[in-house]
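Undergrad: Here you go, one structure.
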Amino acid sequence: MYVLCMLAYYVRWHLERAWATLTFKDDDTTHHHDRDPVAPATRSDAATTKAQSRTLPDGHPTRTFKTVLDDLATITRNTCTHTASGATFPMTTSPTAQQQQALDLLERITV
């Protein structure tokens, strides 16, 4: 049970890091390696601007982790039936540009 919970947390951690550019999360990782782990975390200027304006640098609205997941949940696989022949076939909806951007960011995850 604990292993499953830890695995789920690990997957979420990777997703949050991959989607940091789409969400309110600070995506400036240049100072993480030399940051004092005991000192309070400081937000970068870019993250502060992103949070205050609620928009990304490309003009799209900033989202939360949950709204990115909710947006991706609208990609569905439907089973379609041809009326004349009765043959069935699967059809997956095409992702929007924002959904495709989120999916492309997942390909950058390295373990």
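Values quoted throughout were computed directly from the atomic coordinates according to the rules given, and no laboratory measurement underlies them. This structure is a prediction, so every number in the text was calculated from the model and none was measured. Quick reminder, even Gly has a Cβ in these numbers, built from the backbone with ideal geometry, and neighbours come from all protein chains shown.
Undergrad: Could you give the length gained by full extension between Asp27 and Thr96, i.e. 0.36 nm per residue of separation minus their alpha carbon distance, to one decimal place?
TA: Here the answer is 22.6 nm.
Undergrad: Once R0 is set to 30 Å, what does the formula 1/(1 + (r/R0)^6) return for the Cβ-Cβ distance between Lys66 and Met1, expressed as a FRET efficiency to the nearest 0.05?
TA: Efficiency computed from Cβ-Cβ geometry: 0.80.
Undergrad: Please give the FRET efficiency for Leu56 paired with His14, using the beta carbon to beta carbon distance and R0 = 35 Å, rounded to the nearest 0.05.
TA: Rounded to the nearest 0.05, the efficiency is 0.95.
Undergrad: On to the next question. If you place +1 on the Cβ of every Lys and Arg, -1 on the Cβ of every Asp and Glu, and leave all else neutral, what size is the dipole of the chain about its Cα centre, to the nearest 20 Debye?
TA: So the magnitude is around 300 debye.
Undergrad: Where the centroid of each part is defined by its Cα atoms, how far is the range 70-111 from the range 1-63 in Å?
TA: The range 70-111 and the range 1-63 have Cα centres separated by 26 Å.
Undergrad: For the residue pair Ala41 and Arg108, what label-to-label distance in nm results when each label sits 7 Å from Cα along the Cα-to-beta-carbon direction?
TA: Placing both labels 7 Å along Cα→Cβ, they lie 1.8 nm apart.
Undergrad: Note the full-extension length gain between Asp34 and Thr83 as 0.36 nm times their separation in residues minus their Cα-Cα distance, in nm to one decimal.
TA: 11.3 nm
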